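Scroll down for the structure; my scribbles are underneath it.
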Amino acid sequence: MKLIDLLENKAVTAVGDTEILSITDDTRKVTEGSLFVCVKGGSFDGHDAAAQMLEKGAAAVVCERDLGLGDKQILTDNSRKLYGELCAAWFGHPERKMTLIGVTGTNGKTTTTSIIKHILMADGHKTGLIGTIQNEIGDEIFHTENTTPLTFEFMSVLAQMAESGCEYVVMEVSSFALVQHRIGPARFKTAVFTNLTQDHLDYHKDMEDYYQAKKMLFDVCDHALINVDDEYGKRLFSEVECGKTSFSVKEKADVFADNIAISSSGSSFDLNHIDEKICVRSPIPGMFNVSNLTAAAEVCLREGISADKVISAIADYNGVKGRCEIIPTGRDFTVICDYAHTPDAIENILRSVKEYTEGRLICLFGCGGNRDAAKRPKMAAAAAKYADRLVVTSDNPRNEEPEAIIADILAGLENSNIPRDIVTDRKEAIFHALKIAEKGDIIVLAGKGHEDYQILAGMKHIHFDEREIVAEGLKLL
């Protein structure tokens, strides 16, 4: 592709006829004829390698300051933003060929996007999904490394989805992706806001910065669907300038759920949509899932899918791996695996499960290393609100000492008398929780969810699937 065509008048170049054979912001991927985009990251600034990339064969470089490289440099105010636009142009703007639906928030993104996709597919619309657990094109499943893929990969995935005939793309949109302009010029027909609670403050400087990052999605959507049960949601609803709809499971809103009933076998509620009351029954339990279901149903109703189709699709949707997932035990107690790894998420799952726990609610959890340490005591305090007993352990300690992480967690229990067991090794902790479980008890394994690995010192990934660990532990009882 000619450089001038790739730029689409978004930047000026003196060498427009130059043929570009590839584009990248990764120095390792630069080859003869590449367009190298200089991006400043947390530990490396691509501008420092620009001259070297030209020597390596790059046809030109995109940069944010004059590097003295003559007509080989293309100046822009924001390299990340232009890179997203370049990637979109490179793949022929696949983001314009499908209807995009985005979901952002701290918790609930994976479940909400999965339900939306399930309903759309049930109504005969081939749909792509981009998310934390995996990417999907119709019924095909692909591995993913990030909640929202990196810029070039994102456009590549969209191109594959368009090529395969997808009408819709439903995706989780992370705060990282928004700040880093990974989604390029993509525009969303509907954007959903689930909630905002403390997370990722190792990246964002504070909650205001985190909020402003999430808010960016609503500058590139036609309609916003916002959870006003959340305080940040209320604020967002008052600030967005696009078309908007509020939703709630606690009070009347533009769309709201009432007559809610929750049990271990699922949930039921009335969805009040415009002037219509829709009776919804779902096999997935939890008040937080009622909120996710409400949002997903409203998105699909807005797309013209009939209420009957929405109800039917929800009724046969069995949930997402690692999200309030019941692990079979064949015993008189229950084990639930959930990805809850923030104070709000752990409080939500425990509060919900507590409603149908006949015996004790035992919560096993830890906190990740090299991540926001301030949330560790808050995680403990949140768990202590609803659990009857805690098992404090590890969760991807990475390069931190597990015992030091646990000490931070325990600081949140200084004023609590809740019984707790400290078992540093997570596998042994799960075995311990199984041993102390009694009839009617529910054990919630929080933090890992869909993950099938542990990240230990040296950032080494070891296989660790809690479903397998539970099965192994049950044999020892």
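The values are calculated or read from the model by the stated rules, or taken from the named source; none is laboratory data. Values in this document were obtained by computation on a predicted structure and should not be read as measured data. We place every Cβ from the backbone using ideal geometry, glycine too, and count neighbours over all the protein chains shown. Ligands, DNA and RNA are excluded from the accessible area calculation, which covers all protein heavy atoms including side chains. Shrake-Rupley method; radii C 1.70, N 1.55, O 1.52, S 1.80 Å.
The listed residues are 226, 274, and the only one of them that is free of Cβ contacts under 8 Å to residues at least 60 places away in the same chain, open to solvent by 50 Å² or more (accessible area, probe 1.4 Å) and among the aliphatic types (A, V, I, L, M) turns out to be 274. Can you name the residue in region 307-328 that is in a loop (DSSP other than H, G, I, E, B) and in contact with a helix residue (DSSP H, G or I) (Cβ under 6 Å, 6 or more places away or on another chain) and, of all such residues, is most open to solvent (accessible area, probe 1.4 Å)? Checked region 307-328; the qualifying residue most open to solvent (accessible area, probe 1.4 Å) is 323. Just one of the listed residues (389, 371) is open to solvent by 50 Å² or more (accessible area, probe 1.4 Å), touching a His at 6+ places or on another chain (Cβ under 9 Å) and basic (Lys, Arg), and it is 371.
You will find that of 395, 425, the residue that is open to solvent by 20 Å² or more (accessible area, probe 1.4 Å) and at negative phi is 425 and no other. The set of residues in region 236-284 being assigned to a helix (DSSP H, G or I) and acidic (Asp, Glu) consists of 239 alone.
Based on this model, can you work out whether residue 462 counts as modelled with pLDDT of 95 or more and in contact with a strand residue (DSSP E or B) (Cβ under 9 Å, 6 or more places away or on another chain)? In short, no. I'd like the full set of residues that are closer than 22 Å to residue 185 by Cα and either touching a helix residue (DSSP H, G or I) at 6+ places or on another chain (Cβ under 8 Å) or open to solvent by 90 Å² or more (accessible area, probe 1.4 Å) (or both), limited to region 1-15. Within region 1-15, 1, 5, 6, 7, 8, 9, 10, 11, 12, 13 qualify. Every listed requirement among (1) open to solvent by less than 60 Å² (accessible area, probe 1.4 Å); (2) assigned to a loop (DSSP other than H, G, I, E, B) is met by residue 290 save one, (2). Counted as qualifying within region 112-219 are the strands (runs of 3 or more DSSP E) with 1 or more residues that are surrounded by fewer than 19 Cβ atoms within 10 Å (Cβ to Cβ) and free of Cβ contacts under 8 Å to residues at least 40 places away in the same chain, namely 140-142. One residue stands out among those in region 39-66 that are hydrophobic (A, V, I, L, M, F, W, C) and assigned to a loop (DSSP other than H, G, I, E, B): the one that is farthest from residue 7 (Cα to Cα), which is 44.
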